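> Pasting a structure below so you can have a look.
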Amino acid sequence: MYRLLLIATCLLCTILTKAQQLVSPNKQFVMVFSVDEQGKPLYKLQYKGKDVIAPSHMGLDLQPEGKKITFETAGNTGGAAQKEINSLYDGFKVIDSKTASFDKTWKPVYGEVNQIRNHYNELSVTLQQNKTDRKIIIRFRLFDDGLGFRYEFPEQKNLTYFVIKEEKTEFAMTGDNTAFWIPGDFDTEEYTYAKTKLSEIKAKNEKGIDGNASQTPFSLTGVQTPLLLKTKENFYISIHEAALIDYSAMNLNLDDKNFVFQTYLTPDAQGNKGHLQSPCVTPWRTIVVSDKAGDILTSKTILNLNEPTKYASTDWIKPMKYVGVWWEMITGKSTWAYADIDNVQLGVTDYSKLKPNEKHGANNANVKKYIDFAAANGFDGVLVEGWNEGWEDWFGKTKDYVFDFVTPYPDFDVKGLHAYAASKGVKIIMHHETSSSVRNYERHMDTAYKFMVENGYNAVKSGYVGDIIPRGEKHYGQWIVNHYLYAIKQAAKYHIMVDAHESVHMTGLQRTYPNLLAQESAKGTEYEAFGGNSPDHTTIIPFTRLMGGPMDYTPGIFEMDISKINPDNHSHVNSTLARQLALYVTLYSPFMMAADFPEHYEKYKDAFQFIKDVPVDWDDTKVLEAEPGDYITYARKQKGKDAWFVGRTNDEEPRDSNITLDFLTPEKKYIATIYADAKDANYKTNPQAYTIRKIEVSSKSKIKQACAPGGGYAISIVEK
Ligand code: NOJ
Ligand code: CA
């Protein structure tokens, strides 16, 4: 009997160690999981019969228990004995394996489409490490457009509290793919995207992106996710993570001899990569693949890997189109600070004694001007930055207690302005620049949110400029990842919506916490006033940055010559005016700014009409044309209305766009208003040359439209 049982167990072991396959519902993807002779878990991914991810190792490396590790020593692998105890990447055997299928459609609170199908086949493998008697589960979900997998740590005696030294997930490429990437970094994603072969990443990083090497270059072959790759078969691969909660954000480190990416988590001040307590799970690692670039853009896999919303009600969450007292500070025309900083003694506390600065932007008269403009043109909100005390001190960088988020400058009348805005149906949008003093922000957060509610605010733009305090922590480490989510959840208690700048990359958490309307997390329009964005930037970020969620890009600049605003600023906005309109369609966000000054919009009233008309919430989205780094054309259907909006952005090449309006309801007639580059338009030399024409269209119509270098077009299509 015992012998029989033994034979049966061995047989089961062989079956389970054998490679296991998971096939996607549409059969286009096959994921193969196995454990090698050393007990190392491996996966590979095939798409349309070809490997897109070659066999890649999985697992984690832990810090030795009880040993204090510094950043310098964190790179040491430790002795062999330690490795046996601390490795969670070898010595495994499969002891259980389960499959499941899921197919449900859900409705997002806002979005690019009004319903999302969550359809996948699942394999969860339980692995046992005999030497340590530890168990982990690797859960794979294979969708019709790609794979998600994560590590799960069930509650167990030998793995209760543990510290991650490094996650050892690999993404092995099958060749020297083309990559669209920004350098590995723990604090900023505000880089220009590079397009190079994998074999060229090191040299490009060495030279530096944007003229300066990465601030925290953990490796010259380090890159951030979302990462986009294109293979020699013209397959597009997007690698990222979903549901980043209580864990450090992932960078990738490339072994450029073998073209294998390995996870490199953000370290904390001690060099550790994460403190975990079982039962717990890691974020999902995601690989979205298609032979059509547009399918990458419409993938919902990252959202689907996040949990449904936990909020009992979401009717208080509303997409917003807004203007603001902002571009004038960014361009240097106005200041955030109330006082003349040159005359301020650092560490100032008595603001009433300060000499006012004539250039202070957030003054009552100026804010009223923006409120009037918002009301007259149908905007929901007015963002006001530089309204509160602290900017003078912050620039002095003397202490971690700078802002209290409730004390206005003398020339900003909180109650009066709220009453004025409310009388015109406009909301003022709060601004919390935390100066990255995160503990200070948390200390003041509840009072600050209460203050918002009392004064009629329902949305906050937060910011994390500068080094994180507590010192030594990084913007993408576990501790501050937890802070960002705490700020969102806490805001929800007050029915406040959040737009965070300089926080960690988005990972689809807006499904679970839909009051996280948008984030920055990339180079936005502000860089057009800091030297200019490269013209292909907006043809890349939908494939990279926006894979994780909406971006507060703040488009809509009509005056490209910044020296006309501030003679000391010689920056130039690298876009035609028509393309600025297109960005409202191509860069999805439920929190969308019209960033330029009212007087610039008054000057080009006919073009401004598009910004007035374009909605910020959609029933449906189609990608009509797309090639990363070259061009993108989107068509989106307005929520609850038979109206469509098309946007096209172009890189620095002149290109023709050819589209068919077959997304329109057949047999119906529509009027299309086309806002396009004029023949002689050019982003550098003639950006404001545009034409507007109205034509009757139907689902059979085709439009051929020339786009200028750095140009594009926008179309609004309404029922006739
Ligand atoms: C950087 C943000 O991106 C920008 O939008 C903001 O105005 C400044 N920080 C000041 O908080
Ligand atoms: Ca920024």
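> Scan the stretch 394-405 and tell me whether some residue there is part of a loop (DSSP other than H, G, I, E, B) and over 31 Å from the mean Cα position of the chain (by Cα).
Quick first cut of the stretch 394-405, residues part of a loop (DSSP other than H, G, I, E, B) only: 397-405.
Then keep just the ones that are over 31 Å from the mean Cα position of the chain (by Cα); that gives 398.
Taking every residue of the stretch 394-405 in turn, at least one turns out to be part of a loop (DSSP other than H, G, I, E, B) and over 31 Å from the mean Cα position of the chain (by Cα).
> If the requirement is being without any contact (Cβ under 8 Å) to a residue 24 or more places away in the chain and either within 16 Å of ligand 2 (Cβ to nearest atom) or more than 23 Å from K523 (Cβ to Cβ) (or both), which of these qualifies: D210, D187? Walk me through how you get there before you give the answer.
Values: D187 fails: without any contact (Cβ under 8 Å) to a residue 24 or more places away in the chain.
None of the other options fit; the residue is D210.
> Here's another thing I want to ask about it. For the stretch 418-537, which strands (runs of 3 or more DSSP E) that fit wholly inside it have 1 or more residues that are over 30 Å from N118 (Cα atoms) and of a type in the set (K, R)? Break it down into steps so the answer makes sense when it comes.
Details: elements: 427-433, 459-463, 497-501, 516-519.
Per the criteria, 427-433, 459-463.
> Then there's this: Need the failing condition index for T216 against (1) at pLDDT below 95; (2) β-branched (V, I, T); (3) in contact with a strand residue (DSSP E or B) (Cβ under 8 Å, 6 or more places away or on another chain), just the number.
The single condition T216 does not satisfy is (3).
> For a quick check of your reading of the model, give me the residue pairs whose first member lies in the stretch 556-568 and is at positive phi, whose second is among the small types (G, A, S), with beta-carbon atoms closer than 8 Å and at least 6 apart or on different chains.
G556/A594; G556/A595
Let's see how each residue does on (1) over 20 Å from H475 (Cα atoms); (2) buried (at least 17 other Cβ atoms within 10 Å of the Cβ); (3) in contact with a Pro (Cβ under 8 Å, 6 or more places away or on another chain):
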{"site": "K232", "(1), (2), (3)": "yes, no, no"}
{"site": "F235", "(1), (2), (3)": "yes, yes, no"}
{"site": "A249", "(1), (2), (3)": "no, yes, no"}
{"site": "L252", "(1), (2), (3)": "no, yes, no"}
{"site": "Y264", "(1), (2), (3)": "no, yes, no"}
{"site": "A269", "(1), (2), (3)": "no, no, yes"}
{"site": "K273", "(1), (2), (3)": "no, yes, yes"}
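> Now, a different point. Return the residue satisfying two criteria in turn: it lies in the stretch 396-411 and is modelled with pLDDT under 90 and under 18 Å from Y441 (Cβ atoms), and of such residues it is least open to solvent (accessible area, probe 1.4 Å). Full working, then the answer.
Of the residues in the stretch 396-411, the ones modelled with pLDDT under 90 are 396-402.
Remaining after also requiring under 18 Å from Y441 (Cβ atoms): 397-402.
Working: K397: 126, T398: 74, K399: 71, D400: 56, Y401: 108, V402: 16 Å².
Selected residue: V402.
> So which residues in the stretch 520-533 are over 17 Å from R579 (Cβ atoms) and either touching an Asp or Glu at 6+ places or on another chain (Cβ under 6 Å) or within 10 Å of ligand 1 (Cβ to nearest atom) (or both)?
Within the stretch 520-533, E520, S521, A522, E526 qualify.
> G477 - would you say it is more than 16 Å from ligand 2 (Cβ to nearest atom), within 25 Å of the chain's Cα centre (by Cα) and small (G, A, S)?
Values: more than 16 Å from ligand 2 (Cβ to nearest atom): yes; within 25 Å of the chain's Cα centre (by Cα): yes; small (G, A, S): yes.
Criteria met by G477.
> Does any residue in the stretch 396-410 that is among the polar types (S, T, N, Q) come within less than 9 Å, Cβ to Cβ, of a residue that is at pLDDT 95 or above six or more places away or on a different chain, and which pairs are these?
Once the first residue is among the polar types (S, T, N, Q) and sits in the stretch 396-410, its partners that are at pLDDT 95 or above give T407/N388.
> Here is a further query. Residues in the stretch 134-165 that are open to solvent by 30 Å² or more (accessible area, probe 1.4 Å), of a type outside the set (K, R) and part of a strand (DSSP E or B): how many?
Within the stretch 134-165, residues that are open to solvent by 30 Å² or more (accessible area, probe 1.4 Å), of a type outside the set (K, R) and part of a strand (DSSP E or B) number 3.
> Being within 24 Å of V163 (Cα to Cα) and surrounded by fewer than 19 Cβ atoms within 10 Å (Cβ to Cβ) is the filter here, so list the residues in the stretch 105-125 that pass it. Reasoning before the result, please.
Just the residues of the stretch 105-125 that are within 24 Å of V163 (Cα to Cα), to begin with: 124-125.
Of everything in the stretch 105-125, just one residue is within 24 Å of V163 (Cα to Cα) and surrounded by fewer than 19 Cβ atoms within 10 Å (Cβ to Cβ), namely S124.
> All but one of (1) more than 16 Å from ligand 1 (Cβ to nearest atom); (2) surrounded by fewer than 23 Cβ atoms within 10 Å (Cβ to Cβ); (3) not basic (K, R) hold for V481; which doesn't?
The one condition V481 does not meet is (2).
> What is the number of the single condition among (1) within 16 Å of ligand 1 (Cβ to nearest atom); (2) within 20 Å of the chain's Cα centre (by Cα) that R511 does not meet?
Every listed condition holds for R511 apart from (1).
> What's the number of the condition N682 fails, among (1) in contact with a Pro (Cβ under 8 Å, 6 or more places away or on another chain); (2) open to solvent by less than 10 Å² (accessible area, probe 1.4 Å); (3) over 15 Å from L587 (Cα atoms)?
N682 satisfies every listed condition except (2).
> Among the residues in the stretch 150-162, are any farther than 19 Å from K257 by Cβ and within 16 Å of ligand 2 (Cβ to nearest atom)?
First, pick out the residues of the stretch 150-162 that are farther than 19 Å from K257 by Cβ: 150-162.
Now drop any that are not within 16 Å of ligand 2 (Cβ to nearest atom), which leaves none.
No: zero hits.
> Okay, moving on. Being more than 16 Å from ligand 1 (Cβ to nearest atom) and among the basic types (K, R) is the filter here; which residues of the stretch 434-463 pass it?
Passing the criteria: R439, R443, K450.
> Let me ask something additional. Is there any pair with a first residue in the stretch 707-718 that is surrounded by fewer than 24 Cβ atoms within 10 Å (Cβ to Cβ) and a second that is basic (K, R) whose Cβ atoms are under 8 Å apart and which are 6 or more apart or on different chains, and what are they?
Close Cβ pairs (under 8 Å, with a partner that is basic (K, R)) amount to P709/K684.
> I'd like the full set of residues that are hydrophobic (A, V, I, L, M, F, W, C) and part of a strand (DSSP E or B), limited to the stretch 278-303. Explain how you work it out, then say what you get.
Here is the first cut: in the stretch 278-303, the residues hydrophobic (A, V, I, L, M, F, W, C) are 280-281, 284, 287-289, 293, 296-297, 302-303.
Within the stretch 278-303, C280, V281, W284, I287, V288, V289 qualify.
> A further question on this structure: Can you tell me how many residues in the stretch 511-547 are more than 14 Å from ligand 2 (Cβ to nearest atom), open to solvent by 20 Å² or more (accessible area, probe 1.4 Å) and either of a type outside the set (G, A, S) or under 20 Å from K321 (Cβ atoms) (or both)?
4
> Can you say whether S248 is closer than 24 Å to R150 by Cβ, in a loop (DSSP other than H, G, I, E, B) and in contact with a helix residue (DSSP H, G or I) (Cβ under 6 Å, 6 or more places away or on another chain), as far as the supplied structure shows?
On the way: closer than 24 Å to R150 by Cβ: yes; in a loop (DSSP other than H, G, I, E, B): yes; in contact with a helix residue (DSSP H, G or I) (Cβ under 6 Å, 6 or more places away or on another chain): yes.
So S248 passes the test.
> Can I ask one more? Out of the residues in the stretch 84-104 that are on the phi < 0 side of the Ramachandran plot and of a type in the set (G, A, S), which is least open to solvent (accessible area, probe 1.4 Å)? Steps first, please.
Going residue by residue through the stretch 84-104, those that are on the phi < 0 side of the Ramachandran plot are 84-90, 92-104.
Within this subset, residues satisfying the condition of being of a type in the set (G, A, S) are 87, 97, 100-101.
Working: S87: 0, S97: 36, A100: 45, S101: 92 Å².
Only one residue tops the list, namely S87.
> Let me ask something else about it. If you take the residues in the stretch 191-207 that are among the charged types (D, E, K, R) and closer than 20 Å to K523 by Cα, which one is most open to solvent (accessible area, probe 1.4 Å)? First the steps, then the outcome.
Step one: list which residues in the stretch 191-207 are among the charged types (D, E, K, R), which gives 195, 197, 200, 202, 204, 206-207.
Within this subset, residues satisfying the condition of being closer than 20 Å to K523 by Cα are 195, 204, 207.
Values: K195: 124, K204: 77, K207: 164 Å².
So, considering only residues that are among the charged types (D, E, K, R) and closer than 20 Å to K523 by Cα, the one most open to solvent (accessible area, probe 1.4 Å) is K207.
> For the stretch 425-473: of the residues being modelled with pLDDT of 95 or more and among the small types (G, A, S), which is nearest to ligand 2 (Cβ to nearest atom)?
Only one residue tops the list, namely G463.
> Identify, by number, the condition in (1) touching a residue at least 24 places away in the same chain (Cβ under 8 Å); (2) over 30 Å from H570 (Cβ atoms); (3) within 16 Å of ligand 2 (Cβ to nearest atom) that Y484 doesn't meet.
Failing condition for Y484: (1).
> Cβ-Cβ below 9 Å, separation at least six or inter-chain, first residue in the stretch 19-31 and under 15 Å from S101 (Cβ atoms), second surrounded by 12 or more Cβ atoms within 10 Å (Cβ to Cβ) and of a type in the set (G, A, S): which pairs?
What qualifies is S24/G146; F29/G146; M31/S24.
> Can you tell me how many residues in the stretch 320-329 are surrounded by fewer than 24 Cβ atoms within 10 Å (Cβ to Cβ) and within 16 Å of ligand 2 (Cβ to nearest atom)?
Residues that pass the stated criteria total 1.
> Now for a separate question. Using the structure shown, decide if F558 is part of a helix (DSSP H, G or I) and within 21 Å of A689 (Cα to Cα). Walk me through how you get there before you give the answer.
Numbers: part of a helix (DSSP H, G or I): no; within 21 Å of A689 (Cα to Cα): yes.
So F558 fails the test.
> Another question, then. What number of residues within the stretch 493-508 are more than 16 Å from ligand 1 (Cβ to nearest atom) and crowded, with 24+ Cβ neighbours inside 10 Å? Write out each step before concluding.
Residues of the stretch 493-508 that are more than 16 Å from ligand 1 (Cβ to nearest atom), as a first pass: 493-497, 507-508.
Then keep just the ones that are crowded, with 24+ Cβ neighbours inside 10 Å; that gives 497, 507-508.
Residues in the stretch 493-508 being more than 16 Å from ligand 1 (Cβ to nearest atom) and crowded, with 24+ Cβ neighbours inside 10 Å: 3 in total.
The values are calculated or read from the model by the stated rules, or taken from the named source; none is laboratory data. The model shown is predicted, which means the values in this text are computed figures rather than measured ones. Note that we place each Cβ from the backbone using ideal geometry, even for glycine, and neighbour counts take in every protein chain shown. All accessible areas refer to the heavy atoms of the entire protein, side chains included, with ligands and DNA or RNA removed. Shrake-Rupley method; radii C 1.70, N 1.55, O 1.52, S 1.80 Å.
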